[in-house]
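Report on one structure; see the data block that follows.
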Amino acid sequence: MLLPDAMIERSVYAGRLGCPLCSKTYAITDGVARFAAPPPVAAADSVLTPTALEALVGLSGPGGYVALVGVAGTLCRGLADRIDGVHLVSLNPPDHAREAPSISVLEGSSIPLKSRSVRAVVLASGYAGEPHWLAEARRVLLPGLRVVGEGPDPTVEGLEVIASAGGVWVGLPT
């Protein structure tokens with residue numbers, strides 16, 4: 001359940017999210033849903049561009065969600081213009097990338113989305129090599145769809161790297 005205290009147009013700027021199943025509540029402040037404190041991750045720039053990311057996630061058609069974790073959230077504005085009708089979720093983006101209309105901005109120590117509900121997951125450096133975040137990406141991803149990561153190719157069970165170049169890889173859950 002969403003209990004908005006302040007809104008700007010259709011975006012909730014302050015309020016609370018409540019789960020009717022577990023009765024937990026989470027604060028929304030400054031337009032960010034805060035599920036948990038984000039992990040400490042070294043600051044880095046993304047090597048990706050919205051154009052490259054559009055090709056790498058391989059989406060065709062509108063609908064659904066794409067989750068961008070870490071500094072990859074800085075690509076939301078450019079990506080939103082390229083993949084019309086797909087809702088973008090930015091998890092733990094840098095502070096300067098948190099003001100984005102029609103993009104859900106979240107903080108957390110995991111991806112706070114339903115299992116098998118996302119069309120693509122993008123893991124920025126600092127997240128893409130961590131087993132916990134790779135498992136989270138596999139958990140939320142719809143079957144047969146892609147995880148894009150920045151950094152060295154992951155070597156974890158349950159993820160097959162299908163392409164890799166220039167510090168970016170694309171994987172499919174197995």
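In the range 155-170 there is at least one residue that is without any contact (Cβ under 8 Å) to a residue 24 or more places away in the chain, more than 18 Å from Glu54 (Cβ to Cβ) and acidic (Asp, Glu). The residue pairs whose first member lies in the range 14-34 and is more than 13 Å from Leu3 (Cα to Cα) and without any contact (Cβ under 8 Å) to a residue 60 or more places away in the chain, whose second member is assigned to a strand (DSSP E or B) and among the acidic types (Asp, Glu), and whose beta carbons are closer than 6 Å, counting only pairs six or more residues apart or on different chains, do not exist in this structure. Of all the residues in the range 37-60, those that are surrounded by 15 or more Cβ atoms within 10 Å (Cβ to Cβ) and not small (Gly, Ala, Ser) number 10. When Ser60 is tested against (1) under 26 Å from Gly15 (Cα atoms); (2) assigned to a loop (DSSP other than H, G, I, E, B), just one condition goes unmet, and that condition is (1).
Apart from one condition, Tyr13 fits all of (1) surrounded by 12 or more Cβ atoms within 10 Å (Cβ to Cβ); (2) not in a strand (DSSP E or B); the exception is (2).
If you check Arg119, Arg82 for being touching a Leu at 6+ places or on another chain (Cβ under 6 Å) and among the basic types (Lys, Arg), only one passes: Arg119. Here the condition is being more than 23 Å from Ala43 (Cβ to Cβ) and assigned by TED's automatic domain parsing to the domain that holds Trp169; of Leu134, Leu113, Leu106, it holds for Leu113 alone.
For the range 64-111, give me each residue that is free of Cβ contacts under 8 Å to residues at least 24 places away in the same chain and not hydroxyl-bearing (Ser, Thr, Tyr).
Ala80, Asp84, His87, Leu88, Asp95, His96
The range 67-174 holds strands (runs of 3 or more DSSP E) entirely within its bounds, and those carrying 2 or more residues that are more than 13 Å from the chain's Cα centre (by Cα) and buried (at least 20 other Cβ atoms within 10 Å of the Cβ) map to 168-173. Do you know which of the residues in the range 16-54 that are part of a loop (DSSP other than H, G, I, E, B), polar (S, T, N, Q) and under 20 Å from Pro93 (Cα atoms) is modelled with the highest pLDDT? The residue in question is Thr49.
The values are calculated or read from the model by the stated rules, or taken from the named source; none is laboratory data. As the structure is a prediction and not an experimental result, all values here were calculated from the model. Cβ atoms come from the backbone with ideal geometry, glycine included; neighbour counts cover every protein chain shown.
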